[in-house]
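Here the structure is laid out as structure tokens; the discussion comes afterwards.
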């Protein structure tokens, strides 16, 4: 991004020296060179010079920090090679593991499973990156490290205004442009000031959606699962993407505003309140496909999508910080309330190449037909598929800290912490599933079989709707391998769509879950100068208590094949693959201590040697629930209900130095 203009322009000389960078990595203001941990800081000036505005921009300039993701707002951060298991993005909010790198906007955490908060770097004082476990001062999620966005605060003593615009081009893509404006306004001199920043960043796409045709193949893994002879039914639907092809299909736009106000009550006490809003919208996908749907090589920066794909991600964050003094002690109370809403739709058609979807989308008369094989009834639904993930997150946090003056020989900091997450997520997998698996060899009197093998009632209230046959099918149990279960002959919806339910008729499977998470903690850390200004010993610990809950349901029709709820009454009327999460009573308590120790040595004014031992952890959670929660198969295939927090212990030797008069 080329910046077209800005309010001021700085020039350097041969005698410039490196400016001291002040950070708050240990909840105190310190020179970066005096902090006995591995820490990197990108100052506001550095961010501007490097044209850094988003997560993908700044991570390129951070050694030992990498990322993996599927586009804006869909990234995970990794430090020192430590990573969490990466599962599917859809549903990650409620069944995914929490990340092991904490993300903070000032003093409010914003890490979420699968979707770290993508903060646009507008009017930032700096970005701090703390490597290694930071569990003592930053709690859960800081297992591998912490990323902190530190915003510029209102200034009580002067008016500031600046604007920045930029324009850039992208090879093989569309152009990009940005506009950012900042205003700092003292309303009452030395008493009350406001600061605001607004931004709009439009980034052109660079990935092309090329024409393609999707047809099932005999070599598809799932065909062998669905059909004994491994042959695609001759009447299977073939689709193409002619209506949505195009170039540069993945533009992204960031829009936002942040307003903060600072009130100085007196020389000791002040209150800072900030309100942020950001809206990010992206189209398409942000990863190329090296082969098309038939396995043929295709050009770089290309995909074959068969359905429109897009992401909408917006958040609001309200934060407040009250700072003052209680006698000789510095007191800080900070809190925040974050609301984030994500709505995402992605093409899922290529999932039909996998081992399962053919089993869901195709019937298999040679296996399922009541009364014996009937290959004439073989058919597959359209392979066109999408998923839609709607997620709403709320996060409340409160922290109170007391700290001693920085010039005391024995220095201490301690505090109380509380946070509460609520993550609600609904994921709809939209693909038509087979419900014709239980047709008799011949239809009942007065009924007929259509071209897709559906038993149709010709007249009456349910004319044109497929029926199921009232019969039985094998339903073995551990104690009765020859047991059978009923297949009820009932209306089952509109022809060639899924069974009627609370979702649209195109939804074959869905998650509707709520995840709760509450952490309470008390922490403290003490520094003792064994030799003043030369040798310092630090020790600290944190006691935490985390309550996790999960509620909701996992529901699917999957053709009413009755593999999961064989004893449910009329199981084909609605989704037959139901898991009522509420009935499982998912409530997990985890608690413990995480500690840290440092030995810091200053053999010279410009040299620091240190040894750090530290522990970090990330929250536990619940495994994706298995569907077998009732009937004779209950409990047989259930995975462990929950998993506990995992921990990391770090031993680190390091040194920091300055050379050539800080040049």
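A short reminder: the numbers here are calculations on the coordinates, not readings from a lab. These numbers were taken from a predicted model, which means no experiment stands behind them. Because the Cβ atoms are built from the backbone with ideal geometry, glycine has one as well, and the counts that use them run over all protein chains shown.
Which order do peptides 397-410, 417-430 fall in by mean Cβ count within 10 Å, highest first?
Details: 397-410: 14.5, 417-430: 20.4.
Packing proxy ranking, top to bottom: 417-430, 397-410.
Using the count of nearby Cβ atoms within 10 Å as a rough guide to exposure, how do 327, 619, 260 rank from fewest to most? Walk me through the intermediate numbers first.
Details: 327 5, 619 26, 260 22.
Fewest-to-most ranking of 327, 619, 260: 327, 260, 619.
I'd like the FRET efficiency for residue 400 and residue 422, computed as 1/(1 + (r/R0)^6) with the beta carbon distance as r and R0 of 22 Å, rounded to 0.05. Don't skip to the answer; put the middle values down first.
Numbers: r = 22 Å, r/R0 = 1.02.
Efficiency, rounded to the nearest 0.05: 0.45.
Please work out how much length the chain gains when fully extended from residue 288 to residue 165, using 0.36 nm per residue of separation minus the C-alpha to C-alpha distance, in nm with one decimal.
That pair, residue 288 and residue 165, stretches by 41.3 nm at full extension.
Using a ≥ b ≥ c from the Cα gyration tensor of segment 106-216 (square roots of the eigenvalues), is it rounded, prolate or oblate, where a/c under 1.5 gives rounded and otherwise the larger of a/b and b/c decides, a/b for prolate?
On the way: a/c = 3.33, a/b = 1.33, b/c = 2.50.
It comes out oblate by the Cα gyration axes.
When you count, for each residue, the other Cβ atoms within 10 Å and take the mean per peptide, how do 207-215, 603-611, 62-70 rank with the highest first?
Numbers: 207-215: 18.9, 603-611: 14.1, 62-70: 15.7.
Top of the packing list down: 207-215, 62-70, 603-611.
Roughly what % of DSSP beta bridges within segment 29-188 run antiparallel, to the nearest 5?
Values: 29 of 34 bridges.
Within segment 29-188, antiparallel bridges account for around 85 percent of the total.
If a/c stays under 1.5 just call it rounded; otherwise compare a/b with b/c (prolate if a/b is bigger, oblate if not). Do that for segment 17-171, with a ≥ b ≥ c from the square roots of the Cα gyration tensor eigenvalues.
On the way: a/c = 1.80, a/b = 1.26, b/c = 1.43.
Taking the square roots of the gyration eigenvalues as a ≥ b ≥ c, segment 17-171 is oblate.
Quick one: length gained pulling residue 655 to residue 506 fully straight, 0.36 nm per residue minus the C-alpha distance? Walk me through the numbers before you get to the answer.
Values: separation 149, 0.36 × 149 = 53.64 nm, distance 6.03 nm.
So the extension gain works out to 47.6 nm.
Among 536-546, 236-246, how do they line up from the highest to the lowest mean number of other beta-carbon atoms within 10 Å? Intermediate values should be presented prior to the final figure.
Details: 536-546: 18.4, 236-246: 14.2.
The packing order, highest mean first, is 536-546, 236-246.
Cα centroid distance between segment 269-297 and segment 54-110, in Å?
12
Quick check: residue separation of residue 316 and residue 185 times 0.36 nm, minus the Cα distance between them. What number comes out in nm? Could you put the intermediate results ahead of the total?
Working: separation 131, 0.36 × 131 = 47.16 nm, distance 2.28 nm.
Once the chain is fully extended between residue 316 and residue 185, it gains 44.9 nm.
Given a Förster radius of 22 Å and the C-beta distance between residue 219 and residue 240 as r, what FRET efficiency does 1/(1 + (r/R0)^6) yield to the nearest 0.05? Spell out each step's value before the answer.
Working: r = 20 Å, r/R0 = 0.91.
It comes to 0.65.
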